[in-house]
């Protein structure tokens, strides 16, 4: 695998935009809502553009930019060239525990550089910032995006303003502050920080990646779907389970699988999409279960802080796509989240953060309720690393008393274990 | 009297003003007062059924009005209402 990539000097141009609600077209711009109806803007792709085939794609460098024809730029990217291409790992012991035919883990918990799937969206957002000549960037974050943006901005030499709730996990705060961004800790929830960030973007004109660069930022998430399809040998799984905070990941997974079907790179039916939330913040699960179009905002109360968005911007879209795919959604409580983290660790060797615990526990609940079938091949999107949320599990892990460095003491432990767990 | 802050995307509908004074003792009354004075702004504040326009969120000071009674929430003369595009974050 190539470890050094050069920076081509071609000018990078962002795609024009179109309103997903009213359909009106707009010039490429650091803007996230339609000036006419305030609906969400999305990049427009030329349907006649040349697309690579499987052979050409497979020969490209192993980063998310191998799928550049499906990302919203003309010209070659210049920033975050190493993001993406995380492993898709077979998890037979987890499949057995869940009661499904096959389980695979999309391991974005090992993403470069910041150990979460947010490296994908930051990659496209910072290339949009480059295209628009923006040198100050920012975000509102529940932690992982803060880590990803701070890391990428440090590498690229950009000024980054990062707004986080005051009570984030210490590891996520440290893994942001170490890059020396302008870190703003907001007394309030993520939703408070997000509202403030929207006002900041409006006032100062900075490139706030999940506000006015959001149309370009979100496209990065599609690459998880592209990678899953390619890593499965150019085919689609039966089902995908993903955590939901704002709901964007689910919508972009659906878009990504659909675009690969349209391009005839894969065949068959799109996967059923399943969304996972914590009971203490489950507005999208509520939408899926009720089947209506009225999002009821909540005040989050969960250990899964990376999913603690009480007013999810893509909640309605995510719920509709989940239902139309034939999937479903599930919410799990904090005890189940910790069980999910431990089940993932003990069966796959992967330490996921609290959102991973939500995903695994929700998959277990969905399998038990029959929403996932015993015949299903299921991909779990593990989006963040457990080293960021060790507090969630440290209290329930019984650590042994230290021993003296004597063989006899080890022998005593072995003998005790043999007695307590006879073969 | 309470003030209503608008995002830049809506200021063309309010003679270019970012901040408007409003008359009313509830959020709904203050919003309706602004809507009467700037009719083209009205459909970006309430939908055709009178409910909050779905692509904006309205805050009373720092609180999303959906948590405090919506348009029926009382406002004081010193309060600030902020209209913010809803599609953000995540």
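The values are calculated or read from the model by the stated rules, or taken from the named source; none is laboratory data. Small disclaimer: the values here were computed from a predicted structure and weren't measured. No Cβ is skipped: glycine too gets one built from the backbone with ideal geometry, and neighbour counts run over all protein chains shown.
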Problem - Whichever residue in the stretch A:255-280 is more than 14 Å from every other protein chain (Cβ to nearest Cβ), touching a strand residue (DSSP E or B) at 6+ places or on another chain (Cβ under 6 Å) and surrounded by 20 or more Cβ atoms within 10 Å (Cβ to Cβ) and, among such residues, is nearest to residue A:383 (Cα to Cα) - result: A:276
Exercise for the section: Kindly indicate whether residue A:249 is on the phi < 0 side of the Ramachandran plot and within 11 Å of chain B (Cβ to nearest Cβ). Expected result: yes
Exercise for the section: From the list A:356, A:365, pick out the single residue that is touching a helix residue (DSSP H, G or I) at 6+ places or on another chain (Cβ under 9 Å), surrounded by 22 or more Cβ atoms within 10 Å (Cβ to Cβ) and assigned to a helix (DSSP H, G or I). Expected result: A:356
Exercise for the section: Of the numbered conditions (1) at pLDDT 95 or above; (2) out of contact with any strand residue (DSSP E or B) (no Cβ under 8 Å at 6 or more places or on another chain); (3) over 22 Å from residue A:258 (Cβ atoms), residue A:11 fails exactly one; give the number of that condition. Expected result: (1)
Handout entry: Entirely in the stretch A:193-306, the helices (runs of 4 or more DSSP H) that have 1 or more residues that are in contact with a helix residue (DSSP H, G or I) (Cβ under 7 Å, 6 or more places away or on another chain) and under 24 Å from residue A:181 (Cβ atoms)
Key = A:214-217, A:248-262
Practice task
Being free of Cβ contacts under 8 Å to residues at least 60 places away in the same chain, assigned to a helix (DSSP H, G or I) and within 14 Å of chain A (Cβ to nearest Cβ) narrows it down to one of B:54, B:43, so name that one.
Solution key: B:43
Handout entry: Qualifying residue in the stretch B:74-90 (condition: within 14 Å of another protein chain (Cβ to nearest Cβ), at positive phi, modelled with pLDDT under 95 and surrounded by 20 or more Cβ atoms within 10 Å (Cβ to Cβ))
Key = yes
Practice task
State yes or no: is residue A:160 assigned to a helix (DSSP H, G or I) and either buried (at least 23 other Cβ atoms within 10 Å of the Cβ) or touching a residue at least 24 places away in the same chain (Cβ under 8 Å) (or both)?
Solution key: no
Problem - Options A:181, A:165; residue that is at pLDDT 95 or above, buried (at least 19 other Cβ atoms within 10 Å of the Cβ) and over 24 Å from residue A:314 (Cβ atoms) - result: A:181
Handout entry: One residue from A:239, A:229 being under 20 Å from residue A:356 (Cα atoms) and at pLDDT 95 or above
Key = A:239
Fill in the blank from the handout: Reported set for the stretch B:57-90 where residues are touching a residue at least 24 places away in the same chain (Cβ under 8 Å) and closer than 16 Å to residue B:7 by Cα is B:57, B:58, B:59, B:60, B:80, B:81, B:82, B:83, B:84, B:85, B:86, B:87
